[in-house]
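Everything below concerns the one structure shown next.
The values are calculated or read from the model by the stated rules, or taken from the named source; none is laboratory data. Predicted, not measured: the structure shown is a model, and the values here were computed from it. Positions of Cβ are backbone-derived with ideal geometry, glycine not excepted, and every protein chain shown enters the neighbour counts. Just the protein is used for accessible areas: all its heavy atoms, side chains included, with ligands, DNA and RNA removed. Shrake-Rupley method; radii C 1.70, N 1.55, O 1.52, S 1.80 Å.
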Amino acid sequence: MNLETFYTLSYGLYIISAQTKKKKNGYVANTAFQVTAEPSQLAISCNKDNLSAEVIAESGFFSVSVLAQDASKEIIGRFGYKSGKEIDKFEKTQFFESPEGIPVVTENCVAWFTCKVVKTIDVGTHLLFIGEVLDGDFLEKGKTPLTYDYYHKKRHGLSPKNAPTYIRPVTEKPPEQAVQKPETAAGQKWICLVCDHVYDPAEGDPEAGIAPGTPFEELPDDWACPVCGAEKADFESYNG
Ligand code: FE
């Protein structure tokens, strides 16, 4: 099986949110799709290990916010690579609550939907929630939604490990097989152990003002993973 064939399937990228009386949570998903028009129903696939699966199942509601193509790496990192068991993802996020009490992320998004869960299907590692759409609107009409393909190719983003579509890139070694080298060797790159983002010294990190050719060791101490916000200490070297 050539696993890269899965990359030919097209998706968008969304923030799925829900809350119970005790907990508000959300995560980045590419698997949110319309399954019927009358009534309008959306389906989402959520890893059972994610706190969000518990929160959606308990509350019976969820929202889908459609990420914009220019959505910040910070919000993708906050919702896509951090666990709600460790941080409050909504603390620094703009959102509103629907009349049903569903949190809806508005920041960096082009549109939103609120849904009531009408069916839950156990598909092994994930739960498939079918939701009847209660409401929805644009946040910024005319703005381009972020697609999974664009995220991969133009922004070099990777799926979090709990995503239903996660595939470890075949060109990368898993972190546990990484070889530590005392000095930077030609072709040596650095991988984020949180989100698998690769720092390539040849490319630098222009968005953060890091010029191409900057060795990892010379990155400022406060430099953080541009995708998930992890610290330098969370990177490991390997020869890519
Ligand atoms: Fe990262």
(request) Equivalent ellipsoid semi-axes for the stretch 1-52, as square roots of 5 times the alpha carbon gyration tensor eigenvalues: give them largest first, rounded to whole Å. (result) 25, 18, 9
(request) Please name which of Val35, Val198, Tyr11 has its Cα lying farthest along the dipole of the chain towards the positive end, using unit charges on Cβ (Lys, Arg +1; Asp, Glu -1) and the Cα centre as origin. (result) Val35
(request) Could you tell me what fraction of 2.2 N^0.38 Å the Cα radius of gyration of the chain comes to, as a two-decimal ratio? (result) 1.06
(message) Multiplying the sequence separation of Glu203 and Thr20 by 0.36 nm and subtracting their Cα-Cα distance, what value in nm do you get?
(response) 61.5 nm
(request) Using 0.36 nm per residue of separation minus the Cα-Cα distance, give me the extension gain between Phe96 and Tyr7 in nm, one decimal. (result) 28.7 nm
(message) Suppose a student asked you for the relative contact order of the chain, using Cα pairs under 8 Å spaced at least 6 residues apart; what percent would you report?
(response) 20 percent
(message) Counting only protein heavy atoms and a 1.4 Å probe, tell me what percentage of the chain's accessible area is made up of carbon and sulfur.
(response) 51 percent
(request) Round to the nearest 10 and report in Å² the accessible area of His152, as given by a 1.4 Å probe over the protein chains' heavy atoms. (result) 40 Å²
(message) With a 1.4 Å probe and all protein chains kept in place, how do Asp70, Asp222 rank by accessible area, largest first?
(response) Asp222, Asp70
(message) What's the ranking of 90-102, 40-52 by average number of surrounding C-beta atoms within 10 Å, highest first?
(response) 40-52, 90-102
(message) With every protein chain left in place and a probe of 1.4 Å, what is the accessible surface of Leu9, to the nearest 10 Å²?
(response) 90 Å²
(request) Rounded, prolate or oblate: pick one for the stretch 16-82, where a ≥ b ≥ c are the square roots of the eigenvalues of its C-alpha gyration tensor, a/c under 1.5 means rounded, and failing that, prolate if a/b is larger than b/c, else oblate. (result) oblate
(message) If you count only protein heavy atoms with a 1.4 Å probe, what accessible area per residue comes out for the stretch 190-229, rounded to a whole Å²?
(response) 47 Å²
